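Trainee: A single structure is presented below for examination.
The values are calculated or read from the model by the stated rules, or taken from the named source; none is laboratory data. Values in this document were obtained by computation on a predicted structure and should not be read as measured data. Virtual Cβ from ideal backbone geometry, glycine too; neighbours counted across all protein chains shown. Just the protein is used for accessible areas: all its heavy atoms, side chains included, with ligands, DNA and RNA removed. Shrake-Rupley method; radii C 1.70, N 1.55, O 1.52, S 1.80 Å.
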Amino acid sequence: MISYGRQKIGRDDIKAVSEVLESDWLTTGPKVDEFEAVICRYVGAEHGVAVSNGTAALHAAMFALGIGPGDEVIVPAITFVATANSVVFCGGHPVFADVERGSLLVDPSSVESKITRKTRAIIAVDYAGQPCNYDRLQPIARKHGLKLVTDGCHALGAEYKGRRVGSIADLTAFSFHPVKHITTGEGGMITTDDGILAAKMRMFRNHGIATDFRQREKKGSWSYEMTELGYNYRITDFQCALGISQMKKQDKWLRRRRVIAARYDREFRDVPGISPLTKRRGSRHAYHLYVVKIEGGDTSGETRAELFAGYRSRGIGVNVHYIPVHLHPFYKRTFGTAEGDCPVAEAEYKKIISLPLHQGMSDADVREVICATKEMLRGQDAVQTQD
Ligand SMILES: *Cc1c(COP(=O)(O)O)cnc(C)c1O
């Protein structure tokens, strides 16, 4: 099976993890600080707060902004459920904005139309690895006094007008789940230039306690104060050692993702019935996902379902990212969301498929995906690809 995304672990990674396992600190030790510094340097942010997963990173971001009951946060309809859930964890109300038809990135006009007196923040999702339209989102946030958060879980290494994702919004959340650009097994991080928000999130990941064990050890003190209700969202030192080791390969891997995506673009250009998502000018895509739309004439999603089954039967692990969040039973039941709330997201959702794209794919894997696609869409027996 060629999976849609998967980790790549080398001897160097294993060695890095083993070394930490034999050291004094398994958690909350020096590798956490080091990993934070590596990511900060890479994205161009002042502060990084490493946590146990990307969902915890989003939760910490909502906590730092003081989101609570009565507050609304605007999130795009097309994203992983965790984006919206993070608002709910804090007692807030996620309000779903529609997406742009071509890119499936959040539509700034829809965002603006959903702002009310209760709105406190916007979460922009750099879907598939492509930065949102920040030139329009930032003035909207500023004009209405809202914080801008990026869910950058797809977008490590993506650039918007020369700036890396992680240094654009007030807060950016990353995930290091195995399908993402680099992995720590489970892991996440929030980057920001705001030292006060960073301090709040450091407390939040450690039960709401101001000092951690290592700081108290240094001072020879047992005393601590819990000032906020926090969680245990810590990440281990061996996970961070894996992250540091993986980051050494990030540039090379990102190049590989872009090469594969360019190859898909080229090969599918003249194939009827399939079209890649549109790319915005002025950005550099990080290609966490390679999403295509199946334009088959019907609006029921049947063509997509057939193609999906066809890929799977050929051992090609395609996937669908994502079911519009407002259509999940929890959101319908809890917030009264319904079909029709975000018409573009609902219509486009029925057409999308994510093709395999990751650093571990061989040229033969890529060729297999291309051939299967052409075969199914053109119904040809023998398909030539341009090698
Ligand atoms: C992966 C992902 C998350 C959650 O990250 P975890 O590390 O799995 O908790 C959140 N948002 C988006 C868009 C993601 O892709």
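Trainee: Would you mind stating whether GLY157 is open to solvent by less than 20 Å² (accessible area, probe 1.4 Å), out of contact with any Gly (no Cβ under 7 Å at 6 or more places or on another chain) and either within 16 Å of the ligand (Cβ to nearest atom) or within 26 Å of LYS252 (Cα to Cα) (or both)?
Mentor: Yes.
Trainee: Are there any helices (runs of 4 or more DSSP H) wholly within the range 8-66 with 2 or more residues that are within 19 Å of HIS154 (Cβ to Cβ), and if so which? If you could, list the steps in order and put the result at the bottom.
Mentor: Values: elements: 11-21, 30-43, 54-64.
By residue number, 30-43, 54-64.
Trainee: Would you call LYS31 of a type in the set (Lys, Arg), in contact with a Ser or Thr (Cβ under 9 Å, 6 or more places away or on another chain) and surrounded by fewer than 16 Cβ atoms within 10 Å (Cβ to Cβ)?
Mentor: No: the conditions fail for LYS31.
Trainee: Right, next: Please tell me if ILE122 is assigned to a helix (DSSP H, G or I), away from the ligand (no atom under 14 Å from the Cβ) and at pLDDT 95 or above.
Mentor: Answer is no for this residue.
Trainee: Taking the range 76-92 as the region of interest, how many residues are crowded, with 18+ Cβ neighbours inside 10 Å and either within 10 Å of the ligand (Cβ to nearest atom) or modelled with pLDDT under 95 (or both)?
Mentor: 9
Trainee: Output yes when any residue across the range 342-352 is part of a strand (DSSP E or B) and surrounded by 15 or more Cβ atoms within 10 Å (Cβ to Cβ), and no when none is.
Mentor: yes
Trainee: Next question, about the same structure. Return yes or no: is LYS143 in contact with a Cys (Cβ under 7 Å, 6 or more places away or on another chain) and of a type outside the set (Val, Ile, Thr)?
Mentor: no
Trainee: One residue is enough: does the range 6-14 have a residue meeting the conditions away from the ligand (no atom under 15 Å from the Cβ), among the small types (Gly, Ala, Ser) and closer than 28 Å to GLY145 by Cα?
Mentor: Among the residues of the range 6-14, not one is away from the ligand (no atom under 15 Å from the Cβ), among the small types (Gly, Ala, Ser) and closer than 28 Å to GLY145 by Cα, which makes the answer no.
Trainee: Can you find a residue that is in a helix (DSSP H, G or I), open to solvent by 10 Å² or more (accessible area, probe 1.4 Å), of a type outside the set (Ser, Thr, Tyr) and more than 16 Å from the ligand (Cβ to nearest atom) anywhere in the range 170-186?
Mentor: Looking for residues that are in a helix (DSSP H, G or I), open to solvent by 10 Å² or more (accessible area, probe 1.4 Å), of a type outside the set (Ser, Thr, Tyr) and more than 16 Å from the ligand (Cβ to nearest atom), one finds none in the range 170-186, hence no.
Trainee: Return the residues of the range 42-75 that are touching a helix residue (DSSP H, G or I) at 6+ places or on another chain (Cβ under 6 Å) and open to solvent by 20 Å² or more (accessible area, probe 1.4 Å); say none if nothing qualifies.
Mentor: Those that are touching a helix residue (DSSP H, G or I) at 6+ places or on another chain (Cβ under 6 Å) and open to solvent by 20 Å² or more (accessible area, probe 1.4 Å): HIS47, THR55, PHE63.
Trainee: Sort out which residues of the range 187-223 are closer than 18 Å to VAL149 by Cβ, outside any helix (DSSP H, G or I), among the β-branched types (Val, Ile, Thr) and more than 16 Å from the ligand (Cβ to nearest atom), and write them in order of number.
Mentor: Of everything in the range 187-223, just one residue is closer than 18 Å to VAL149 by Cβ, outside any helix (DSSP H, G or I), among the β-branched types (Val, Ile, Thr) and more than 16 Å from the ligand (Cβ to nearest atom), namely THR192.
Trainee: Looking at (1) at pLDDT below 95; (2) within 22 Å of GLU100 (Cβ to Cβ), find the lone condition where GLN215 falls short.
Mentor: Unmet for GLN215, out of (1) at pLDDT below 95; (2) within 22 Å of GLU100 (Cβ to Cβ): (2).
Trainee: (1) within 16 Å of the ligand (Cβ to nearest atom); (2) touching a Leu at 6+ places or on another chain (Cβ under 9 Å): which one isn't true of ALA141, the others all being true?
Mentor: (1)
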